[in-house]
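The values are calculated or read from the model by the stated rules, or taken from the named source; none is laboratory data. On a predicted model such as this, the values are computed, not experimentally measured, just so you know. Cβ sites come from the backbone with ideal geometry, for glycine too, and all protein chains shown count toward neighbours.
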């Protein structure tokens, strides 16, 4: 695991106000395992990495340092749906694709406005 993993794991756990024992319980792991991961003494198996990701509601890619944005919540659930949408978009004419892009931008702005207003 890159050095980034141990730091991101600890930071994500602390942001959620979880102790190592609480994270271990949520992930179905031993508390000592969390300590080993956070000190960099051991690297998690792929299965344990998925468990940590699920328990923290955060992407594996973020924990591994492949992306810098902490994706979680609906963002993670939307990824497979977005891929499906992109598959459909590949078959669109240039004109239709531009229309889809305009609509996507408008929807993003709407969602951002809801967050600012506290309704999202």
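Miscellaneous remarks
- On inspection, residue 115 passes the criterion of being under 22 Å from residue 15 (Cα atoms) and either modelled with pLDDT of 70 or more or in contact with a helix residue (DSSP H, G or I) (Cβ under 7 Å, 6 or more places away or on another chain) (or both).
- Residue match in the stretch 6-27 (condition: under 11 Å from the mean Cα position of the chain (by Cα) and outside any loop (DSSP other than H, G, I, E, B)): yes
- For the criterion of being on the phi > 0 side of the Ramachandran plot and loosely packed, with under 14 Cβ neighbours inside 10 Å, residue 65 fails.
- Search result, residues across the stretch 60-93 that are modelled with pLDDT of 85 or more and over 19 Å from residue 28 (Cβ atoms): 61, 62, 64, 65, 93
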